[in-house]
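*Asks:* Shown below is the structure under consideration.
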Amino acid sequence: MPRLVISTVGTSLLTNQIDDDCDSYWNEQLQKYANLTHDELNQSHPEVANKIAELQESAEQVLATGNTSEIREASAELNGIYGLYEEDLSQGQEDIHWLITTDTEQGRTTAEIVKSFLVDQGIINTNIYPEPGSGLSTANTHKFSKGIAQLIPWIQQITEGYKKQTKICFNLVGGFKAIQGYMNTIGMFYAHEIIYVFEGSNKLIKIPRLPIEIKKSEVDPYKVPLAMMDRGELLTSWQETKKVPLDWVLVVESEMTLSTWGQLIWDQCKEHFLSQDKPLKFPKIEYKDSFLDDYKSKPSDQKVSLQENLARAALLLNNHTDGISAMKQDGIFRLRRYQGKHKDIDHFDLPEARRVSCLAKEGQLYLRHYGEHDYVNDNP
């Protein structure tokens with residue numbers, strides 16, 4: 001069975017190239033400016049940028065000419081990968097590799113070196129996450145939390161497409177400790193196994209996925225605000241937000257969104273809550289019996305997609321003084337009135353050529369029908 005291997009990447013490949021004679025100074029410099037991007041480092045500390053380029057050249061030389069033992073000693077990430085393939089990288093030529101790094105000069109440089117090496121070894125399907133400009137770093141809590149919050153749905157999406165026919169492995173030998181800690185927890189939900197290497201050796205440790213399951217009964221009381229926060233920031237003035245456990249949310253001034261743990265919890269059970277026979281009771285949205293009949297007849301995936309869109313509509317209605325106008329101005333929904341014989345009825349668009357007819361009045365939406373364009377237009 002082919003593997004999807006997700007490896008956390010740190011900077012050991014660079015720091016391991018520092019000469020012992022100047023070990024203290026350059027180790028301190030690299031640690032001090034570890035969270036600067038390429039542009040930031042070149043503008044403010046070009047001497048450090050030049051040193052990184054020098055260390056990169058040295059690291060590439062070690063990987064090009066060193067034996068397996070020397071390569072494993074030079075790179076924590078490759079140490080784990082070599083262990084995974086029992087020191088025979090040809091075993092991984094059909095596998096998919098993703099290297100998780102920080103959006104920093106040191107992180108991206110290290111990831112690029114590892115990627116080039118793996119591609120040269122025939123593991124050509126090797127990629128780097130995230131894209132430049134993401135801002136993921138350990139510089140401060142805000143940047144780190146924002147980056148991890150983007151990482152979780154990415155992992156969910158990429159593993160979803162492979163989990164049935166591919167073994168998913170998290171290689172957590174390298175990487176920053178803060179990211180490793182989160183990835184270890186995330187891996188318990190999404191990986192088939194997590195691998196480490198014993199400190200000071202090449203002996204591999206494989207930890208199988210534990211049978212962890214979120215208790216849906218504990219999530220149920222908060223399902224509506226969680227569904228809404230999954231679509232964007234929610235105003236803390238809404239009374240329901242105050243009921244959500246504090247560990248599940250991040251609050252910035254007057255807005256609240258899902259924390260890393262809140263996102264992880266919701267991702268594990270949202271399909272369950274959004275595919276039930278009845279839609280969630282979102283604020284300022286009411287359902288006519290005709291809408292409920294349309295909803296009940298749809299398959300689970302359509303129910304989930306519809307409710308995710310209703311959650312975003314509820315956000316607009318809840319977060320704006322004039323939520324109806326916000327729905328009208330939204331580039332996707334484009335809430336508007338029918339022309340002609342149905343001129344007393346409103347409607348709004350959804351992705352995948354679907355539509356909802358409704359009555360919009362006094363800041364609320366009264367939903368009438370849901371389905372494909374022609375069905376709703378002929379029977380609004």
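The values are calculated or read from the model by the stated rules, or taken from the named source; none is laboratory data. Just so it is clear, the structure is predicted and the values come from calculations on it, not from any experiment. Please note: Cβ atoms are built from the backbone with ideal geometry, for glycine as well, and neighbour counts cover all protein chains shown. Remember, those area values only see protein heavy atoms, side chains included, never the ligands or the DNA or RNA. Shrake-Rupley method; radii C 1.70, N 1.55, O 1.52, S 1.80 Å.
*Asks:* Of everything in region 19-50, what is crowded, with 18+ Cβ neighbours inside 10 Å and assigned to a helix (DSSP H, G or I)? Give them in sequence order.
*Replies:* Once the filter is applied, which keeps residues that are crowded, with 18+ Cβ neighbours inside 10 Å and assigned to a helix (DSSP H, G or I), region 19-50 yields Trp26, Leu30, Leu41, Val48, Ala49.
*Asks:* Now a separate question. If we scan region 160-167, do we find a residue that is modelled with pLDDT of 85 or more and either under 23 Å from Trp261 (Cβ atoms) or in contact with a Phe, Trp or Tyr (Cβ under 8 Å, 6 or more places away or on another chain) (or both)?
*Replies:* no
*Asks:* Among the residues in region 204-214, are any over 30 Å from Gly181 (Cβ atoms), in contact with a helix residue (DSSP H, G or I) (Cβ under 6 Å, 6 or more places away or on another chain) and in a loop (DSSP other than H, G, I, E, B)?
*Replies:* Taking every residue of region 204-214 in turn, none turns out to be over 30 Å from Gly181 (Cβ atoms), in contact with a helix residue (DSSP H, G or I) (Cβ under 6 Å, 6 or more places away or on another chain) and in a loop (DSSP other than H, G, I, E, B).
*Asks:* Considering each residue of region 206-231, count those that are surrounded by fewer than 14 Cβ atoms within 10 Å (Cβ to Cβ) and either at pLDDT 90 or above or more than 23 Å from the chain's Cα centre (by Cα) (or both), and give that number.
*Replies:* Residues that pass the stated criteria total 7.
*Asks:* Go through (1) assigned to a loop (DSSP other than H, G, I, E, B); (2) under 29 Å from Ser305 (Cβ atoms); (3) touching a residue at least 40 places away in the same chain (Cβ under 8 Å) one by one and return the number of the condition Asp267 breaks.
*Replies:* (1)
*Asks:* For region 272-295, give me each residue that is touching a helix residue (DSSP H, G or I) at 6+ places or on another chain (Cβ under 9 Å) and closer than 18 Å to Cys358 by Cα.
*Replies:* Across region 272-295, the qualifying residues are Lys278, Pro279, Leu280, Lys281, Phe282, Pro283, Lys284, Ile285, Tyr287, Asp294, Tyr295.
*Asks:* Could you list, ordered by first residue, the pairs with Cβ atoms under 8 Å in which the first is in region 27-39 and over 19 Å from Leu136 (Cβ atoms) and the second is open to solvent by less than 100 Å² (accessible area, probe 1.4 Å) and of a type in the set (Lys, Arg), at least 6 apart or interchain?
*Replies:* Note: pairs meeting the criteria are Gln29/Lys51.
*Asks:* Got a number for residues in region 111-143 being in contact with a Phe, Trp or Tyr (Cβ under 6 Å, 6 or more places away or on another chain) and under 29 Å from Leu89 (Cβ atoms)?
*Replies:* Qualifying residue count for the region: 2.
*Asks:* Select, from Asn319, Asn309, the only residue that is among the polar types (S, T, N, Q) and either farther than 30 Å from Pro245 by Cβ or touching a Gly at 6+ places or on another chain (Cβ under 9 Å) (or both).
*Replies:* Within the list Asn319, Asn309, the selection yields Asn319.
Yes or no, residue by residue, for (1) surrounded by fewer than 16 Cβ atoms within 10 Å (Cβ to Cβ); (2) farther than 19 Å from Glu213 by Cα:
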{"site": "Glu233", "(1), (2)": "no, yes"}
{"site": "Gln239", "(1), (2)": "yes, yes"}
{"site": "Leu246", "(1), (2)": "yes, yes"}
{"site": "Glu253", "(1), (2)": "yes, yes"}
{"site": "Met256", "(1), (2)": "no, yes"}
{"site": "Gly262", "(1), (2)": "no, no"}
{"site": "Lys270", "(1), (2)": "no, no"}
{"site": "Lys278", "(1), (2)": "yes, yes"}
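*Asks:* For residues that are assigned to a loop (DSSP other than H, G, I, E, B) and of a type in the set (Asp, Glu), tally how many sit in region 270-297.
*Replies:* Residues meeting the conditions: 1.
*Asks:* Restricting the search to region 58-77, which residues are under 17 Å from Ile128 (Cα atoms) and touching a strand residue (DSSP E or B) at 6+ places or on another chain (Cβ under 9 Å)?
*Replies:* Scanning region 58-77 gives Ala76, Glu77.
*Asks:* Go through the residues of region 80-87 one by one and say whether even a single one is at pLDDT below 90, over 14 Å from Arg3 (Cα atoms) and either open to solvent by 20 Å² or more (accessible area, probe 1.4 Å) or among the aromatic types (Phe, Trp, Tyr) (or both).
*Replies:* So far as region 80-87 goes, no, none of its residues is at pLDDT below 90, over 14 Å from Arg3 (Cα atoms) and either open to solvent by 20 Å² or more (accessible area, probe 1.4 Å) or among the aromatic types (Phe, Trp, Tyr) (or both).
*Asks:* Got a number for residues in region 264-277 being modelled with pLDDT of 95 or more and either small (Gly, Ala, Ser) or closer than 23 Å to Asn379 by Cβ (or both)?
*Replies:* Residues in region 264-277 being modelled with pLDDT of 95 or more and either small (Gly, Ala, Ser) or closer than 23 Å to Asn379 by Cβ (or both): 1 in total.
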